Amino acid sequence: MPMSNDFHFYEPAQGHGLPHDPFNAMVGPRPIGWVSTQDAQGRRNLAPYSFFNAFNYTPPLVGFASLGEKDSLRNIRETGEFGWNLVTRPLAEAMNQSCAAVPPEVDEFTLAGLTPVASRCIAAPRVAESPVSFECRLTQLIQLEGADGSKLPTWLVLGEVVGVHIARHLLKDGIYDTAAAEPVLRGGGPADYFTIRPDNLFKMFRPR
């Protein structure tokens, strides 16, 4: 166990003093918010977000943070909906291609060689190649603030999951097999990602 003098301490406002900001790496690995949207004119957009997670069971809520006014944020403001698509190891390169900084008229589905397919409950498409997708309706759009109350150029997008698609091969005796999907998770270094595999699994049951 490290002694108190074995810790690197810093106050973020004063800088971390390290070669790369460790915050993202310590809060990780995190699932990737591979968000599909379309604007009011039907132009498609697909973009990965590293600040993404689930926040509630009933109803199921997911959310991601947009650092700045991105196309996804503008589309969700216009339409009130978005999709989430699971990034798996075979889709990692396509996900990386979809994060290119391109104008709004560029379709990232085409750019990344992916197939848009119609959703059931929302107009925004999902990624056909992804084995898991959520269809979401916007519930809250919150501009984040610092401890001093100052407004940040970051928005938290929360949505209720109103439709779920799961590839049947990932359901083993009716139970979703997380490792079989080989989900890709964001680390935090300049190019760090992780994959979940069966040998990473261990079980702990809650105390009664």
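Considering only VAL35, ASN85, TRP155, and ranking their Cα positions along the charge dipole of the chain that arises from unit charges at the beta-carbon of Lys, Arg, Asp and Glu, the one farthest toward the positive end is ASN85. Other residues whose C-beta falls under 14 angstrom from the C-beta of ARG77 contribute a net charge of -2, scoring Lys and Arg +1 and Asp and Glu -1. The base-10 log of I(q)/I(0) for region 19-196, evaluated at q = 0.11, 0.13, 0.14 Å⁻¹, reads -0.45, -0.64, -0.75 [Debye formula, identical scatterers on Cα atoms, solvent excluded].
Which ordering of ILE76, ILE175, ILE166 is given by a fewest-first count of other beta-carbon atoms within 10 Å? List each step's numbers first, then the result.
Details: ILE76 26, ILE175 8, ILE166 13.
With the fewest neighbours first, ILE76, ILE175, ILE166 line up as ILE175, ILE166, ILE76.
Of the residues ALA112, ALA180, PHE51, the one whose Cα sits farthest toward the positive end of the charge dipole of region 19-196, with +1 on the Cβ of Lys and Arg and -1 on the Cβ of Asp and Glu, is ALA180. As a rough guide to protection, the peptides 91-97, 134-140 ranked by mean Cβ packing within 10 Å, highest first, stand as 134-140, 91-97. Listed by chain and number, the lysines placed with their C-alpha closer than 25 angstrom to that of LYS151 are LYS70; residues fewer than eight positions away on the same chain are left out.
Mind sorting SER133, SER150 by how few other Cβ atoms lie within 10 Å of their own Cβ, fewest first? Working shown, then result.
On the way: SER133 23, SER150 8.
Neighbour counts put them in this order, fewest first: SER150, SER133.
Along region 155-162 the Karplus relation, 6.51 cos²θ - 1.76 cosθ + 1.60 evaluated at θ = phi - 60°, assigns HN-Hα couplings of 10, 8, 9, 10, x, 7, 6, 10 Hz to successive residues, with x for each Gly and Pro.
Just add up the charged neighbours of TYR49: K/R +1, D/E -1, any other residue whose Cβ is under 15 Å from the Cβ of TYR49. Show your work: numbers first, answer last.
Working: positive: ARG30, LYS70, ARG74, ARG186; negative: GLU69, ASP71, GLU108.
Charge balance near TYR49 sits at +1.
The alpha carbon centroids of region 118-160 and region 1-59 are separated by 15 Å.
Values quoted throughout were computed directly from the atomic coordinates according to the rules given, and no laboratory measurement underlies them. As the structure is a prediction and not an experimental result, all values here were calculated from the model. Cβ atoms come from the backbone with ideal geometry, glycine included; neighbour counts cover every protein chain shown.
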